[in-house]
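S.K.: One structure is given below, represented as structure tokens, and several questions about it will come after.
Coordinate-derived values only; no laboratory data. None of the values given here were measured: they were computed from a predicted structure. We place every Cβ from the backbone using ideal geometry, glycine too, and count neighbours over all the protein chains shown.
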Amino acid sequence: MSLKPRIKKQLGRRFVASGLHRKVLAGHGVIVSFHRVSDAIPEDALTVNSARFEGLCRLFRDAFDVLPLGDFVSRLERRESVAGALSLTFDDGYLDNFEVAAPIMRALGLPATFFVTTQFIGSTTVPWWDRGLPTHPGWMTWDHVGSLSREGFDIGAHTRRHADLGRVQGTVADDEIGGSRQELIDRLGRAPTNFAFPYGGRSNLLEENRERIRNAGFRSCVSAVGGLTPNGADPLRLPRVAISSWFASPEQFAFDLVSIKRASARVTRRADAVQR
Ligand SMILES: [Zn+2]
């Protein structure tokens, strides 16, 4: 699809105003993922600025039923509809999640899940993907994470050291999955129920590790594989739509759900074919 962002914005606005986006969604919900919300570094694949984030949040609030991820998962477990539902998630545990994103969501009354890499929290770790940044944006501390949790935001697990669960096995995998869960219990006094696997691609999760996630007591596992969630989806195989500055406007997001849904349908058909 090579339509210009400006045209998509206009079409998207008409979509939302007429409620057409809900017809397009037809039996699908959306889980969106963010990493950083910041005005201190330029926007990139992992960063959106605060104005873009707030614009998207307003669109989410006005055009969707924004649910805590736990409620979204409960609906799937009870075989209830997730049509028109949307859940917000954040990966890794960047400091701006607390300083920039949370205040905007708080003001708009939006719930969210923060998937934290437990060993990054309160550390000065600079992961390899951030080495090109002029300054590292930093991580939340356990005080920040605890305060978000007490306020009612959901804290999910994202392993202890951002392990590639497509590669690690055995006791290392146990430590990354069960260990991150235990660390969150020790730090926050409550057990996390949602898990996001690092890197999130199809090759980044061995099936035996998906079983570990289930056996550790998690009710859901989200990926970074782009797509919408159809009614009846397996909570341990949930796609997400990654949000970056690629969405030039909130309305473009609404419009692009059409192509995202088409792509999810193609992926589902391909997965069916593989299973056969
Ligand atoms: Zn991550």
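S.K.: Just want the ordering: Thr118, Thr125, from fewest to most Cβ atoms lying within 10 Å of their own Cβ.
M.R.: Lowest to highest Cβ neighbour count: Thr125, Thr118.
S.K.: Within the chain, what percent of beta bridges assigned by DSSP are antiparallel, to the nearest 5?
M.R.: 15 percent
S.K.: Here is a follow-up. Just the projected area, averaged over all directions, of the convex hull on the alpha carbon atoms of the range 67-142: how many nm²?
M.R.: The Cα convex hull of the range 67-142, projected and averaged over all directions, gives 6.6 nm².
S.K.: Note down the relative contact order for the chain as a percent, whole number, built from C-alpha pairs under 8 angstrom at least six residues apart.
M.R.: Computed over the chain, the figure is 25 percent.
S.K.: Sticking with this structure for a sec: Quick one: length gained pulling Thr171 to Ser245 fully straight, 0.36 nm per residue minus the C-alpha distance?
M.R.: Length gained, Thr171 through Ser245: 22.8 nm.
S.K.: Count charges around Ser50 for me, please; just the other residues with Cβ under 12 Å from its Cβ, Lys/Arg as +1, Asp/Glu as -1.
M.R.: Net charge around Ser50: -3.
S.K.: Compute a Gaussian network model of the chain, connecting alpha carbons closer than 10 Å, and tell me which residue from Arg237, Arg36, Arg160 fluctuates the most.
M.R.: Result for the chain, Cα springs under 10 Å: Arg237 fluctuates most.
S.K.: Among Ser220, Leu257, Ala112, which residue has its Cα positioned farthest towards the positive end of the charge dipole of the chain, with +1 placed on the Cβ of Lys and Arg, -1 on the Cβ of Asp and Glu, and the dipole taken about the Cα centre?
M.R.: It is Leu257, whose Cα lies furthest towards the positive end.
S.K.: Between the range 223-243 and the range 1-79, what's the alpha-carbon centroid distance in Å?
M.R.: Measuring centre to centre over Cα atoms gives 14 Å.
S.K.: Of Glu80, Glu251, Glu151, Glu183, how do they rank once you tally other Cβ atoms within 10 Å and put the fewest first?
M.R.: In order of increasing Cβ crowding within 10 Å: Glu151, Glu80, Glu183, Glu251.
S.K.: Let me ask something additional. Could you line up Trp129, Trp142 from fewest to most neighbouring Cβ atoms inside 10 Å?
M.R.: Ordered from fewest to most neighbouring Cβ atoms within 10 Å, Trp129, Trp142 come out as Trp129, Trp142.
S.K.: With +1 on each Lys and Arg Cβ and -1 on each Asp and Glu Cβ, and nothing else charged, work out how big the dipole of the chain is about its Cα centre, in Debye to the nearest 20.
M.R.: My answer is approximately 1320 debye.
S.K.: Let me ask something else about it. Under a 10 Å cutoff between Cα atoms, tell me which one of Ile243, Ile155, Ile31 has the largest fluctuation in the Gaussian network model of the chain.
M.R.: Ile243
S.K.: Taking Rh as the Kirkwood radius, which is the inverse of the mean 1/r over Cα pairs, what is the Rg/Rh value for the range 102-250?
M.R.: 0.96
S.K.: A further question follows. Please say if the chain is rounded, prolate or oblate, where rounded means a/c under 1.5 for a ≥ b ≥ c the square roots of the C-alpha gyration tensor eigenvalues, and otherwise the choice is prolate for a/b larger than b/c and oblate otherwise?
M.R.: oblate
S.K.: Enter the per residue convex hull volume of the range 73-115, computed from alpha-carbon coordinates, in Å³ rounded to the nearest integer.
M.R.: Spelled out: Cα convex hull of the range 73-115, divided by residues, is 75 Å³.
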